[in-house]
Structures are given as C-alpha cells and as structure tokens.
Amino acid sequence: MSLAQRFAKLSVRAKAWWILGLIIIFALVVILTVGSNYYNNFSQRLADKTNHIIVLPPIKPISFSLGLDLVGGTRLVYSADVGNIPESDRASALASARDVIERRVNAFGVSEPVVQVNKSTARGYQIVAELAGIKDINAAIKMIGETPILEFKEEAPNQPAATSTPATAEVTTDSGTSTVTLTPTETSQNPADIVWQNTELTGKYLKRSVLQFNPNDGRPEVALEFNAEGAKIFEDITTRNVGKPVAIFLDGYIISAPTVNEAITGGKAVISGQFTVEEAKLLVTRLNSGALPVPISLISQKTVEASLGSQSIANSLKAGLIGLLLVSLFMILYYRLPGFLSVLSLLIYGFTVLAIFKALPIWLALILIVIMVGLIFYTFNDLKIFNGTLALLFAIIGILLFVYALKPVTLTLSGIAGFILSIGMAVDANILIFARTREELKQGKSVSQAVDAGFKRAWPSIRDGNVSTLITCLILIFFGTSTVKGFGTTLFIGISVSLFSAIVITHTLFVVILGDWLEKRTWLLGVRKAKAEGAEVGESNK
C-alpha cells in the first residue's frame, strides 16, 4: 500500500494533524529564515555558556534589500536627448538606455539599483537612477557616465585637408590581421580637419568586447564582436570606405580612426591605442554593459542620509507592530477562539511574506512554494470547491511567488505600506469566514457543519475580492514607476500568501480543535448555546 493510499484511509482529524505537522515545519523554516541573525546569536551564546557542549548548526543569514529611502544613497536625474530619434523608436530607445544603466551599475556591485524613465511635458524625457548605499556622488556619476555612447562614423563628403599624428592599431578580419593607420586615443588631430557623419552602426549592435594583449608589444587592446545585423552593417561601411578612415567614438570622443584597407567581414575588430590596462578594463566593462542609444546629461543629484532611512524604518516597524497588535486584539475579543486561530495563521503569514522578500536559495524557494501550493490544492479539494480554474490560478500565483523568492524585493516605504495593507487583507478573509460560520451556527448547525459551510460560502467573496486586487497589483507592477511598483509587488506577495494562511492554516487549525467539547462551548465561537439550541428548536418546528 502506497503512502498516498495510507493517508487517504486516515480519518479527517488524523489527516488534519499530519497537515498541521507539515505547517509547523513550514513555519519553523520561514521563522528561521527571517530571524537567522537572532538564531545565530542565540546559538553562539548557548555554545559559550555550555562550553561548546551544545552547538547548534549555524544558518547563513540573508539580509533584506533596503531601498534608497530606507538605507540612504544617491539619486541622480539625467535628461535624455531624443531629438535625433524618431518618435516611434523613442520608447524602445529609452527602455534600452534604462537597461544599460542598470547593467552598468550592477557591474560595479551596486545591489538592486532602481532606474526608471519619466516623461513630463515641461522637462521632456528623464532617466532617474537611485543607488542605495552609494554616498559618493562623484563615484555614482562615474559609474553611469555622462554620455556613454559608442558610435562608428565615416568621413562626410567634401572633406578639407587634414593632418594627424599616426599610430598603429590592428583590425581583425576573417582572413587575418592587417596593420592600419589610426589616431591615438588622445588624438592630436584637430576635429575641424575632418567632418564626421554618423553611420547606422552603434553600440546596440555590439555582441561583446574582450580585453586582450598585443602579441608583439604586449599593449592592452579591446576586441569587438558585433551581432549578425551589426556585422552586415560593419561590412557595408568598410566596403564603401576602402582607403578611407572610419572613426570610433565613445562618449563623444574619438577613440580610434583606422584606415580601411579592405572590406571587413565577420563583424570583428580590435581597437588599440594609448590604453593602460585599467582603462582597457573599464572600456570593456562599459562596452559589455552596453552603450546607451541616447545621449544623457546630468541635471540633478541628491544624497539621502542614512539617518533618514533609520528613522523611516523605526517608524514603519512601530506602525506595523501597533497595527498588528490592534488587529489581533480585535479578532480575539470579537471572534474569540476563531480570532485566536486567525492570529496564529497571521503570524505564519507575516514570516512567510518576509521570507519571500529575501533572496532565497532556489531549493528552499522551491520547497516552500511547492508546500504552499500543494496544501492549497489539498484543502480546496477537501472542501469540495476545487476546479480547473482554481488550479490554474494558484499555479500561476505559485510560479510568480517562486520568481519573487529567488531575488530580493527591494523594500521602500511604499513597499512596507503595501505589506501592512496586505495584513488587513489577510484578516479580511478570516472575518468573512468567521461571520459565515456564525450565521451557520445561529441556524442550528453543528460546529463542524458550520465551519465547513462557513469556508465554502465565504470563498466566493474572498476569491472575487482578492483576484481583483491581484489584477490591480499586476497593473501597478508592469505600468507604474519604481515607487508604485514596490507597493504593488509587496501587496501582490502579501495577498497571494494570505490565500494560503486564511484558507489552509485557519481551516487546518479548526479541524484539529473540533470535537464534542467545542459543541458544548459555542460561546467560544461568539454564539450563545441557548441561542443555538433555540434556533435548532425553531428549525425542527418548521
């Protein structure tokens, strides 16, 4: 007999105890994940007091990712010049610029930068970068760069005579390597001597760049490789410019201007000049992170002090604890025993949400989400309200929660507000269930029948309210700015987990405590025994 068959033959109460054991293990895991620092401190003190007789295994701490308004940092606002970009391409160009800045900042080790594009009638397009933990504005500006644009230009027609100081560089073709003439990095050529015109080839076609060293003299070089489309454009440019220079510009400055001896196929080239190793490394990093398709200029800079963030965290935690305490008191005083059960499920809910806010290891995130979704499937099937639509809904929610659990959710004040609001939404589901249960008890049903009917009849209201809110959260996440996205993200996670806590945990606790003792003490459920009996007599007379 398989384990599933043995489990199916158990009584309802025995099944509930097994489910409760799984929930307790789940709760311990999320509590230790959230409070890993407290656990490690406790285990260290315990080991010291017992002369290392009792040594608990340590837990790798996972910290929360705090936003700019909580931990302090730098906020930079750039103006984007889109005058030379067609109207239809501006949105994609700015989205590419935002992604490039994010990659560029990530390459320097800044965790969870917030980069967004704003458009206003008066100021045009702006790119806002919020770098949490970065207090040196100059370092932040250097990270992003004023106008990090890679361009390839060719001579305009009717050129005046030009002179320049030659240097050597290499251009790699499919057939080999040839030496050509180019201007050095710090070009001595007067820009007025040559008028350059733009070509179609820009940094967006760059596949990758690699630091390498010239085998002849050991000088650092930067090897370029374009994608298929860029290789075709590069071939066209070199074909029509045989015997002429093609200039490479980065940040508006000429890096090199090699003379093309023959058409270059394969989309590969090597830039060499007066580079130091560090300059070449920096150039490779910037090129690999991407060159911005639009020029940007810094128009505003601001440093947020950490003291402001500490005060914000303290105030937010205080507000959250007070709110949780008041909600718990209300639930216990008004709903009594069910209210106490809801407080227990609410505590597990809170730790679960906080655990998902952290960047969990993939194995841990998978286990937690599988347990949550699996118990939801089991409980809804046990309540006989499970169907294919619900299976699809909870599968999608589970996938999204798994994705969020793999990367840290950057907590800002708006994000914390979304989390606190989701606590109220979680309690709201329990209130609907308990109110329905009371109505069933007043109609003379037994406690077990009333609890079962209360969950079934409350579910449509819970479903409609929560699904509509989840849809709103997704709209905020996909179409809102960074602050709005943070609010929508934490609210989405909170509401998704509340469906697990309100239905699975509360229902399991109810089933475990059901029995004759509760049938005789219906006042614990907020219904006087006399009233319940009177309602039962009235029903029988009818």
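Here, each number is a calculation from the coordinates, and none is a lab measurement. Quantities reported herein were computed from a predicted structural model and do not represent experimental measurements. With ideal geometry, Cβ positions are generated from the backbone for all residues, glycine too; neighbour counts draw on all protein chains shown.
Please give the direction-averaged projected area of the C-alpha convex hull for the range 332-541, in square nanometres with one decimal. Before the final figure, lay out each step's value.
Details: hull surface 48.2 nm².
Here the figure is 12.1 nm², rounded to one decimal.
Report, to one decimal in Å, the Kirkwood hydrodynamic radius for the range 396-449 based on all distinct Cα pairs.
Working: mean 1/r = 0.0701 Å⁻¹.
Across the range 396-449, the inverse of the average 1/r is 14.3 Å.
Would you kindly give the portion of the calculated P(r) for the range 1-93 that falls above 18 Å, as a percent of all Cα pairs?
Details: 3185 of 4278 pairs.
Above the 18 Å cut-off, the range 1-93 has 74 percent of its Cα pairs.
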Original post:
What lysines sit close enough to residue 232 to cross-link, taking a C-alpha to C-alpha distance under 28 Å and skipping anything fewer than 8 places away on the same chain?
Top reply: 153, 204, 207, 244, 268, 281
**OP:** Taking a cut-off of 21 Å between Cα atoms, list the lysines near residue 456, but don't count ones fewer than 8 places away on the same chain.
**Re:** 15, 384, 442, 445
**OP:** Evaluate the range 484-529: find the radius of gyration of its Cα atoms, find its Kirkwood radius, and give the ratio Rg to Rh.
**Re:** 1.29
**OP:** Sort the following peptides by mean Cβ neighbour count (other Cβ atoms within 10 Å, averaged over residues), highest first: 492-504, 323-335.
**Re:** 492-504, 323-335
